[in-house]
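To start, the structure itself, in structure tokens.
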Amino acid sequence: MIGRLNHVAIAVRDISAAAALYRDTLGADVSAAVPQQEHGVTTVFVTLPNTKIEFLEPLGENSPIAKFLERNPDGGIHHICYEVDDIIVARDQLKAKGARVLGTGEPKTGAHGKPVLFLHPKDFNGTLVELEQA
Ligand SMILES: C[C@@H](C(=O)O)C(=O)SCCNC(=O)CCNC(=O)[C@H](O)C(C)(C)COP(=O)(O)OP(=O)(O)OC[C@H]1O[C@@H](n2cnc3c(N)ncnc32)[C@H](O)[C@@H]1OP(=O)(O)O
Ligand SMILES: [Co+2]
């Protein structure tokens, strides 16, 4: 079911500082910041040869990463995103196996313009898992 590692997400309080750090200290290829209103975050993507890093900063009042940052004030790894061929097939298979799909269960459009879903961290070794349709 899961394929390539699409991205590893790091939640931060200051996405401009995080982007500058990776660009200026690590010499990384860093995108502009893009608000993702539907997700309650602003994103920056760091393009690596074999995957991406996604920086997340809270956006708006009810950001889903706000409490994570209260627990982790310096920031931290927030989720991992795997690619799947068909996100509805994957979702239904996962639900049939008892995994909890977060939100309404219907995919949202993610930062790459593809459907994404999230699986509860308590079901996957304490790690928030995002699925993105390849
Ligand atoms: C743009 C898009 C894209 O890539 O295209 C994105 O990534 S959008 C990325 C932003 N969107 C999302 O993350 C959507 C999915 N996330 C969510 O719905 C939420 O963050 C939850 C996963 C439900 C957690 O929400 P919240 O922290 O407010 O709830 P909570 O405090 O009750 O947490 C429930 C339990 O899960 C744990 N927990 C919370 N967030 C966690 C994380 N990122 N990794 C591992 N564990 C985590 C808490 O410590 C707690 O454990 P204990 O019970 O042991 O204390
Ligand atoms: Co993500």
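Quick note: the coordinates plus some simple rules give every number you see, no bench work behind them. The structure presented is a predicted model; accordingly, all values stated were derived computationally and were not measured. Don't worry about glycine lacking a Cβ; one is built from the backbone with ideal geometry, like all the others, and counts go over all protein chains shown.
Within segment 37-45, does at least one residue satisfy the condition of being without any contact (Cβ under 8 Å) to a residue 24 or more places away in the chain and either outside any loop (DSSP other than H, G, I, E, B) or out of contact with any Leu (no Cβ under 9 Å at 6 or more places or on another chain) (or both)?
Yes, segment 37-45 contains at least one residue that is without any contact (Cβ under 8 Å) to a residue 24 or more places away in the chain and either outside any loop (DSSP other than H, G, I, E, B) or out of contact with any Leu (no Cβ under 9 Å at 6 or more places or on another chain) (or both).
Only one of (1) within 9 Å of ligand 1 (Cβ to nearest atom); (2) within 12 Å of the chain's Cα centre (by Cα) fails for Leu102. Which number is that?
Checking Leu102 against (1) within 9 Å of ligand 1 (Cβ to nearest atom); (2) within 12 Å of the chain's Cα centre (by Cα), the one that fails is (2).
Criterion first (buried (at least 18 other Cβ atoms within 10 Å of the Cβ) and assigned to a loop (DSSP other than H, G, I, E, B)) does Ala111 satisfy it?
Yes; evaluated as a whole, the condition is true for this residue.
Does segment 75-98 include one or more residues that are within 14 Å of ligand 2 (Cβ to nearest atom), of a type outside the set (Ser, Thr, Tyr) and assigned to a loop (DSSP other than H, G, I, E, B)?
No, segment 75-98 has no match at all.
Consider Ala11 carefully, then state whether it is more than 15 Å from ligand 1 (Cβ to nearest atom) and surrounded by 13 or more Cβ atoms within 10 Å (Cβ to Cβ).
no
Kindly establish whether Val30 is aliphatic (A, V, I, L, M), surrounded by 13 or more Cβ atoms within 10 Å (Cβ to Cβ) and closer than 17 Å to Gly110 by Cβ.
no
Among (1) within 15 Å of ligand 1 (Cβ to nearest atom); (2) under 17 Å from Thr109 (Cβ atoms); (3) in a helix (DSSP H, G or I), there is one condition Leu56 misses while meeting the rest; what is its number?
Against the list (1) within 15 Å of ligand 1 (Cβ to nearest atom); (2) under 17 Å from Thr109 (Cβ atoms); (3) in a helix (DSSP H, G or I), Leu56 comes up short only on (3).
Under 8 Å between Cβ atoms, at least 6 apart or on separate chains: pull out the pairs that start in segment 122-133 with a residue that is in contact (Cβ under 8 Å) with a residue 12 or more places away in the chain and end on any residue that is assigned to a loop (DSSP other than H, G, I, E, B) and near ligand 2 (Cβ under 10 Å from one of its atoms).
Final answer for the pair search is Glu130/Gly110; Glu132/Gly110; Glu132/His112.
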